[in-house]
Amino acid sequence: MKNLILSTAALALSAGFAMADGHSVVRLGTEGAYEPWNFVNDKGEIDGFERELGDELCTRAELTCEWVKNDWDSIIPNLVSGNYDVIIAGMSITDEREAVIDFTQPYTPPDPSTYVALDAGVDVTTGIIAAQASTLQAAFIAEQGWTLIEFATPEETVAAVRNGEADAVLADQSFLDTVAGTDGLVMLERSEAIGGGVGMGLRESDADLRGKFDVAIKSMKDDGTLNTLIAKWQVSSQW
């Protein structure tokens with residue numbers, strides 16, 4: 001699950017309520033660049049685990065939904081400002097985020113963070129480690145006092161390892177599973193437990209909408225549909 005560090009001082013909490021009573025469309029915001037969670041397919045459409053999940057949740061909640069693609073580094077500010085109504089983008093539930101936005105119950109358990117490198121023997125404590133900017137993985141590396149190099153997108157972090165800028169990349173295991181084994185990249189045995197489960201993010205004023213999605217998520221957990229999707233896309237352990 002993607003882990004965003006946000007600067008609460010940069011967010012305006014007074015943004016308007018975009019999904020007011022009477023509006024028929026709920027806008028789902030996602031990054032579209034974090035396979036298998038969410039990505040843009042060859043047809044130019046949002047695809048992946050969260051596309052399938054979001055569509056099913058909207059059906060169960062009897063909501064008409066549309067998808068909005070938004071860069072990761074502005075995904076919370078643009079929710080608060082009203083560009084869309086829900087974040088569904090592999091976002092871990094953290095106390096820091098909950099000071100600014102609300103979350104549904106988690107729809108996946110925590111996903112471990114792992115490393116990919118060109119050399120299985122690389123020492124991450126002394127090497128140069130790449131991570132996507134504004135993530136808990138980047139914060140974790142910095143907190144350890146290791147050498148960190150940050151990039152705007154997950155693809156750039158992997159490219160940094162391939163071209164020799166970095167010795168390894170730290171990211172969610174489900175994402176690195178999609179690149180390990182290509183171009184000589186190998187998954188290291190070491191992993192890190194960072195962050196909590198993944199949920200949908202909503203403005204604090206949208207309690208009714210959050211409640212509808214909570215009911216839909218619980219129904220998918222109860223009937224096993226959610227575990228089926230998790231297994232299909234291999235994004236985390238099952239419930």
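Can we say residue 10 is aliphatic (A, V, I, L, M) and either at pLDDT 60 or above or over 22 Å from the mean Cα position of the chain (by Cα) (or both)? Break it down stepwise before answering.
Numbers: aliphatic (A, V, I, L, M): yes; either at pLDDT 60 or above or over 22 Å from the mean Cα position of the chain (by Cα) (or both): no.
No; evaluated as a whole, the condition is false for this residue.
Here residue 219 meets each of (1) part of a helix (DSSP H, G or I); (2) open to solvent by 50 Å² or more (accessible area, probe 1.4 Å); (3) among the hydroxyl-bearing types (Ser, Thr, Tyr) with one exception, condition (2).
Could you please let me know if residue 90 is modelled with pLDDT under 95, within 20 Å of residue 103 (Cβ to Cβ) and open to solvent by less than 10 Å² (accessible area, probe 1.4 Å)? So residue 90 passes the test. If you go through segment 85-101 and pick out every residue that is β-branched (Val, Ile, Thr), touching a strand residue (DSSP E or B) at 6+ places or on another chain (Cβ under 7 Å) and part of a loop (DSSP other than H, G, I, E, B), you end up with 3.
Does residue 156 qualify as being outside any loop (DSSP other than H, G, I, E, B), among the acidic types (Asp, Glu), more than 27 Å from residue 106 (Cβ to Cβ) and modelled with pLDDT of 95 or more?
Working: outside any loop (DSSP other than H, G, I, E, B): yes; among the acidic types (Asp, Glu): yes; more than 27 Å from residue 106 (Cβ to Cβ): yes; modelled with pLDDT of 95 or more: yes.
Here the answer is yes, as residue 156 does meet what is asked.
Among the residues of segment 169-200, count how many are open to solvent by 40 Å² or more (accessible area, probe 1.4 Å) and either over 15 Å from residue 115 (Cβ atoms) or over 14 Å from the mean Cα position of the chain (by Cα) (or both).
The total comes to 13.
Considering only residues that are buried (at least 18 other Cβ atoms within 10 Å of the Cβ) and not hydroxyl-bearing (Ser, Thr, Tyr), which ones fall in segment 151-168? First the steps, then the outcome.
Step one: filter segment 151-168 for residues buried (at least 18 other Cβ atoms within 10 Å of the Cβ), giving 151, 154, 157-158, 160-161, 166-168.
Answer for segment 151-168, where residues must be buried (at least 18 other Cβ atoms within 10 Å of the Cβ) and not hydroxyl-bearing (Ser, Thr, Tyr): 151, 154, 158, 160, 161, 166, 167, 168.
Give the residue that is farthest from the chain's Cα centre (by Cα), with candidates limited to residues of segment 34-76 that are of a type in the set (Gly, Ala, Ser) and under 25 Å from residue 204 (Cα atoms). Before the answer, list the steps.
First pass over segment 34-76, keeping only residues of a type in the set (Gly, Ala, Ser): 44, 48, 54, 61, 74.
Now drop any that are not under 25 Å from residue 204 (Cα atoms), which leaves 54, 61, 74.
Details: 54: 13, 61: 22, 74: 13 Å.
For segment 34-76, the residue satisfying everything is 61.
Within segment 182-216, the set of residues being part of a loop (DSSP other than H, G, I, E, B), of a type in the set (Gly, Ala, Ser) and either in contact with a Cys (Cβ under 9 Å, 6 or more places away or on another chain) or closer than 30 Å to residue 122 by Cα (or both) comprises 184, 193, 195, 196, 197.
In segment 222-239, which residues are outside any helix (DSSP H, G or I) and either under 21 Å from residue 64 (Cβ atoms) or among the small types (Gly, Ala, Ser) (or both)?
Kept after step one, since they are outside any helix (DSSP H, G or I), are these residues of segment 222-239: 224, 234-239.
Within segment 222-239, 224, 236, 237 qualify.
Residues of segment 134-167 that are free of Cβ contacts under 8 Å to residues at least 24 places away in the same chain and either under 20 Å from residue 92 (Cα atoms) or among the hydrophobic types (A, V, I, L, M, F, W, C) (or both): 142, 143, 146, 148, 149, 150, 151, 159.
The residues in segment 53-77 that are touching a strand residue (DSSP E or B) at 6+ places or on another chain (Cβ under 7 Å), surrounded by fewer than 17 Cβ atoms within 10 Å (Cβ to Cβ) and among the polar types (S, T, N, Q) can be counted, and the count is 1.
The values are calculated or read from the model by the stated rules, or taken from the named source; none is laboratory data. Fair warning: this is a prediction, and the values are worked out from it, not measured in the lab. Virtual Cβ from ideal backbone geometry, glycine too; neighbours counted across all protein chains shown. Quick note on the areas: whole protein, heavy atoms, side chains included, nothing else; ligands and nucleic acids left out. Shrake-Rupley method; radii C 1.70, N 1.55, O 1.52, S 1.80 Å.
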